[in-house]
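Take a look at the structure set out below.
The values are calculated or read from the model by the stated rules, or taken from the named source; none is laboratory data. Just so we're clear, the structure is a prediction, and the values are computed from it rather than from any experiment. All Cβ positions, even for glycine, are placed from backbone atoms using ideal geometry, and neighbour counts span all protein chains on display.
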């Protein structure tokens, strides 16, 4: 692990410009996040996160990035973390990839991943919707985790989310985006659905997911 001396030395390197071509920089110290008990069941060697792609406040696709020994505890797919697709409707892992190969277990722990369900899934999606709206950007990737003390926590909002989420889900975003755009056009005469609250947006999106993004569910009214 990293102790106080190593942390101080790292901050000094940042301030002296070690990562900005010798230009003095600033270091931002953030609170340490600790996985909640439910996520620790996956026995990851680092902090896993959840990426939710959001369009107009509607969560369209999700995945979790699970650290491995190869990724050195980082939730970075390109460095060797697992990318696992999550069902929007149920919050369960449906598929997983590691360095572009399909996997079903964690390479170090042997933990079976497929079917694992994330607790507080509705809260995760609503938090992603709220963060996306707060950013003022139409299309974003919101990274979250579930902290032991804080609960659902937004880590960051990405203006240009990578497309690895499609590989993790074995599904493309294009169909879902076009479906949502169609629903937005249909709703304009009766109150634009983009004006709905995050809870209703999540409810609609989960219903669309159960219907495989093929048809509009029954109308949901905001109370």
Please enumerate the residues belonging to the range 37-66 that are in a loop (DSSP other than H, G, I, E, B) and either in contact with a helix residue (DSSP H, G or I) (Cβ under 7 Å, 6 or more places away or on another chain) or at pLDDT 95 or above (or both). 48, 56, 57
Of all residues in the range 125-179 being part of a helix (DSSP H, G or I) and surrounded by fewer than 16 Cβ atoms within 10 Å (Cβ to Cβ), the one that is farthest from the chain's Cα centre (by Cα): 178
Out of the range 69-89, which residues are outside any helix (DSSP H, G or I) and out of contact with any helix residue (DSSP H, G or I) (no Cβ under 9 Å at 6 or more places or on another chain)? 69, 73, 74, 75, 76, 80, 81
In the range 39-54, what residues are within 18 Å of residue 121 (Cα to Cα) and surrounded by 14 or more Cβ atoms within 10 Å (Cβ to Cβ)? 39, 42, 47, 48, 49, 50, 51, 52, 53, 54
